[in-house]
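Student: Structure below; questions to follow.
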Amino acid sequence: MTRTGRKQKEEPFEPGLVPPPGELLVWRDSRHFDHRQDLPCTLCGQPTPLRSHSGEPAHKACAEDWITANPVEARRSGRFASDPAPKPTSKKGQGDHA
């Protein structure tokens, strides 16, 4: 009897906000990195393991440049967006300092 591979339950991969032109994307979620293969970036054609929220292969720098060159389309389409800001885990009154 052979064992079939387990399918991981995929959580929704919701994008955050499209950054203003010239600002950096925040792609901290590990789902932006494809460990299996590099695919051609849809913007420059060079291989990349990075993926947008929709799974589109794209270098982060290429996506940032595209947002700067196409700010209206970037806002309208949401093609490339940052990850949502993480919820704070520290307790009230305990800042990041020691």
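The values are calculated or read from the model by the stated rules, or taken from the named source; none is laboratory data. Being a predicted model, the structure only gives us computed values, none of them experimental. When we count neighbours, we look across all protein chains shown, and the Cβ atoms used for this are built from the backbone with ideal geometry, even at glycine.
Student: With respect to E23, is the statement that it is exposed (fewer than 15 other Cβ atoms within 10 Å of the Cβ) and in contact (Cβ under 8 Å) with a residue 24 or more places away in the chain true?
Tutor: yes
Condition check ((1) at pLDDT 95 or above; (2) assigned to a helix (DSSP H, G or I); (3) of a type in the set (S, T, Y)) across all residues:
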residue: G16; (1), (2), (3): no, no, no
residue: Q37; (1), (2), (3): yes, no, no
residue: S54; (1), (2), (3): no, no, yes
residue: E64; (1), (2), (3): yes, yes, no
residue: T68; (1), (2), (3): yes, yes, yes
residue: P88; (1), (2), (3): no, no, no
